[in-house]
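The block underneath contains the structure these notes are about, expressed in C-alpha cells.
The values are calculated or read from the model by the stated rules, or taken from the named source; none is laboratory data. None of these values were measured; they are calculated from a predicted model. Here Cβ is always computed from backbone atoms with ideal geometry, including for glycine, and neighbour counts include all displayed protein chains.
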Amino acid sequence: MKKLLTFSIIAYLLFTINSSAVAQETNENNTANEKVLKIGVLLPLSGEFADLGQSFLKAIQLGLYDISNKNIKIYPKDSKANSLDAYKSAKEFEELGIKIVIGPIFYESLESLGEINNITFVSLTNKTQNIPKNTIAFGININSQIEVLKKYFDKIKVSKTLLLSPKGQFINQIEIIEDSKLKFYKVFFYDTSPKKITSEIEKLTKYQERKKDLERRIKILEKSELYKDKKELKKLEQKHTLGKINFDSAVVVDFDERLKSVLTSFMFSDISSQRVNFFTLNQWFDESLFEEAALQNLHFPAINLDNLIKFNKKYEKSYKEKPNKVSILAYDALGLIYYCWINNNFEFKSSQLFNKDGFKGLHGEFIIKENISRQKLKIYKISNKKFLKVH
C-alpha cells in the first residue's frame, strides 16, 4: 500500500487541484516560512530541437500551475542540444544555488555534467550506459522494456524468439537486450535499404522453400482421385506456402517506416501475426502504425495510455496545441521533485529520489535504482486501429 501511495498522491494532486487543496498549500507555505524550491530547467530552447524543448518547458509550466505553490521557482536555460552549452548553463545554475535540474533531454548533452558536483540532473534521456553519477536517466529505457517483455513472454509461453535489428544501428540497445534474461533463438541484422529488406526476410523465413513445398504437394494431389486429397487440394490452393516455421515470436528493434517495411516483408513471406507474435520497442503510441495491415497485433511496451490521453487533453486545453508525447515525463519530473521537497520539511535532498518504495507518476509506477528510472510498463497491441492493453 505504501508504494501505491507514494508518488500517486502528488499525481492525484496535480490533476485534481481544488479550493481545499489550494488552502492546504497556503498553510504549507506559511509553515515553510517562505522557503523556496529552485528548479533549473535545461532544455534545447533554440535551434533544431527548439520545438521539442518548448513542449517540455510548457509541460513543466503546466505542472507548476497545477501545483500552485508560489515558493517553487523554475529557471529555464538553453542547452542548445550540445554538451558545451549544457555545461555553461549548469555552472550558472550552480551560481544561483540550484540543487536540482530537469534536463537535459539528449544523452550527448550529459558529457561534462558529471563535473558539476552540487547539482542532480533529472535527464529525459532513455539511454542508460555511462550515466554521470549526478544524473538520473528518467526516459523510457530499454531495461524497463525488457523487464515487461520478459514477464509477458513467460505469460504467453513463447519459446523460440527472433531478435531483428538494422545493421549498424541501435548497437547499445542490442547489447543490453542480448545481455538480458530474454533468450533468443536467433539474432538477425538486416540491411537498412527498404529494397533489400524483403529479400532478406524471405531468406530468413525460407519463403522460397515453403513455396516450392506447396507447389510440389499440389502437383501430387492433382493426380489423386481420392476425396480426402481433393479436399486437401482445395485448402492448399488458398495458401501461398506450406510447412512449419522454426520460430514463434519476433522482436523487431526499429521505428517508423523501416519497422513497417520489416513487418510488411514478413507478411509478404506468408508469416502473419496469426502464426507469430510480433513485438517491437516503445513507439509512443504512433497512430501512423494503424495504416499498415501487417502491423495488426503488433505488441510493444509503453507507459499508461489513459493518463497520457488525460495529459494531452489538459496540455491542449492550456496551450491550444498538441504536446510532444514525451513531455509527460517532464511534467512527472516536476511532480517528483516537488513531492520530495514537501516531504522533507521543504528541503530538497537528492537521496529522496532513491526511495526504495518507489513512486507513481502519470506515466506509471517507477523506482530509481543506480541512477536509472526503472518503470513498470504495460504491454499494448494494435487492433482495429486502437491500442489495446494486454498486460
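Here's a check for you: in region 270-283, which residue that is touching a Leu at 6+ places or on another chain (Cβ under 8 Å) and not in a strand (DSSP E or B) is modelled with the lowest pLDDT? Steps first, answer last, please.
Applying the first criterion (touching a Leu at 6+ places or on another chain (Cβ under 8 Å)) to region 270-283 yields 273, 278-280, 282-283.
Remaining after also requiring not in a strand (DSSP E or B): 273, 282-283.
Working: Ser273: 88, Asn282: 97, Gln283: 95.
Taking the candidates together, the pick is Ser273.
Looking at Glu316, Glu287, Glu321, Glu292 in this structure, which one is farther than 28 Å from Ser373 by Cα and surrounded by fewer than 16 Cβ atoms within 10 Å (Cβ to Cβ)? Don't jump to the end; show me each part of the working.
Numbers: Glu316 fails: farther than 28 Å from Ser373 by Cα; Glu287 fails: farther than 28 Å from Ser373 by Cα; Glu292 fails: surrounded by fewer than 16 Cβ atoms within 10 Å (Cβ to Cβ).
The unique qualifying residue is Glu321.
Tally the residues that are farther than 20 Å from Ile303 by Cα and either modelled with pLDDT under 95 or touching a Lys or Arg at 6+ places or on another chain (Cβ under 7 Å) (or both), restricting the search to region 324-338.
The total comes to 0.
Could you list all residues from region 275-326 that are aliphatic (A, V, I, L, M) and either in contact (Cβ under 8 Å) with a residue 60 or more places away in the chain or in contact with a His (Cβ under 9 Å, 6 or more places away or on another chain) (or both)?
Scanning region 275-326 gives Leu281, Leu289, Leu295, Leu298, Ala302, Ile303, Leu305, Leu308, Val326.
When you scan region 340-386, how many residues do you find that are part of a helix (DSSP H, G or I), under 21 Å from Asn134 (Cα atoms) and in contact (Cβ under 8 Å) with a residue 60 or more places away in the chain?
3
From Thr198, Thr192, grab the single residue that is assigned to a loop (DSSP other than H, G, I, E, B) and either closer than 21 Å to Leu298 by Cα or of a type in the set (A, V, I, L, M) (or both).
Working: Thr198 fails: assigned to a loop (DSSP other than H, G, I, E, B).
Criteria check complete, one pass: Thr192.
Which pairs have Cβ atoms under 6 Å, sit 6 or more apart or on different chains, and link a residue in region 132-145 that is within 14 Å of Tyr107 (Cα to Cα) to one that is in a loop (DSSP other than H, G, I, E, B) and of a type in the set (Ser, Thr, Tyr)?
Ala137/Thr125; Ala137/Thr128; Gly139/Thr125; Asn141/Thr128
Which residue pairs have Cβ atoms under 8 Å apart, sit 6 or more places apart or on different chains, and have a first residue in region 194-219 that is more than 13 Å from Leu263 (Cβ to Cβ) and a second that is acidic (Asp, Glu) and surrounded by fewer than 17 Cβ atoms within 10 Å (Cβ to Cβ)?
Qualifying pairs under 8 Å: Glu200/Asp191; Ile218/Glu237.
Just one of the numbered conditions (1) under 22 Å from Leu52 (Cβ atoms); (2) within 20 Å of the chain's Cα centre (by Cα); (3) in a helix (DSSP H, G or I); (4) not hydrophobic (A, V, I, L, M, F, W, C) is not true of Lys317; which one?
The single condition Lys317 does not satisfy is (2).
Since Leu305 meets every condition but one in (1) out of contact with any strand residue (DSSP E or B) (no Cβ under 9 Å at 6 or more places or on another chain); (2) surrounded by fewer than 21 Cβ atoms within 10 Å (Cβ to Cβ); (3) closer than 24 Å to Ile142 by Cα, which condition does it not meet?
(1)
Does Ser265 meet the test of being more than 23 Å from the chain's Cα centre (by Cα) and of a type in the set (Ser, Thr, Tyr)? Before you say what the answer is, go through the steps one by one.
Numbers: more than 23 Å from the chain's Cα centre (by Cα): yes; of a type in the set (Ser, Thr, Tyr): yes.
Taking the combined requirement at face value, the residue satisfies it.
Considering each of Leu57, Leu84 in turn, give the residue that is surrounded by fewer than 19 Cβ atoms within 10 Å (Cβ to Cβ), hydrophobic (A, V, I, L, M, F, W, C) and not in a loop (DSSP other than H, G, I, E, B).
Values: Leu57 fails: surrounded by fewer than 19 Cβ atoms within 10 Å (Cβ to Cβ).
Selected residue: Leu84, the only one of Leu57, Leu84 that is surrounded by fewer than 19 Cβ atoms within 10 Å (Cβ to Cβ), hydrophobic (A, V, I, L, M, F, W, C) and not in a loop (DSSP other than H, G, I, E, B).
Working carefully through the options Lys160, Lys196, find the one that is exposed (fewer than 14 other Cβ atoms within 10 Å of the Cβ) and not small (Gly, Ala, Ser). Give the derivation first.
Details: Lys160 fails: exposed (fewer than 14 other Cβ atoms within 10 Å of the Cβ).
That would be Lys196, the only listed residue that is exposed (fewer than 14 other Cβ atoms within 10 Å of the Cβ) and not small (Gly, Ala, Ser).
So Leu263 ticks every box in (1) buried (at least 17 other Cβ atoms within 10 Å of the Cβ); (2) in contact with an Asp or Glu (Cβ under 9 Å, 6 or more places away or on another chain); (3) assigned to a helix (DSSP H, G or I); (4) modelled with pLDDT under 95 but one. Which box is left unticked?
Only one criterion is unmet by Leu263, namely (4).
Scan Lys244, Lys231 and give me the residue that is loosely packed, with under 12 Cβ neighbours inside 10 Å, outside any helix (DSSP H, G or I), without any contact (Cβ under 8 Å) to a residue 24 or more places away in the chain and not acidic (Asp, Glu).
Values: Lys231 fails: outside any helix (DSSP H, G or I).
Matching residue, one of Lys244, Lys231: Lys244.
Please verify whether Phe189 is farther than 30 Å from Leu113 by Cβ and either free of Cβ contacts under 8 Å to residues at least 60 places away in the same chain or surrounded by fewer than 18 Cβ atoms within 10 Å (Cβ to Cβ) (or both), treating the condition exactly as stated.
On the way: farther than 30 Å from Leu113 by Cβ: yes; either free of Cβ contacts under 8 Å to residues at least 60 places away in the same chain or surrounded by fewer than 18 Cβ atoms within 10 Å (Cβ to Cβ) (or both): yes.
Yes.
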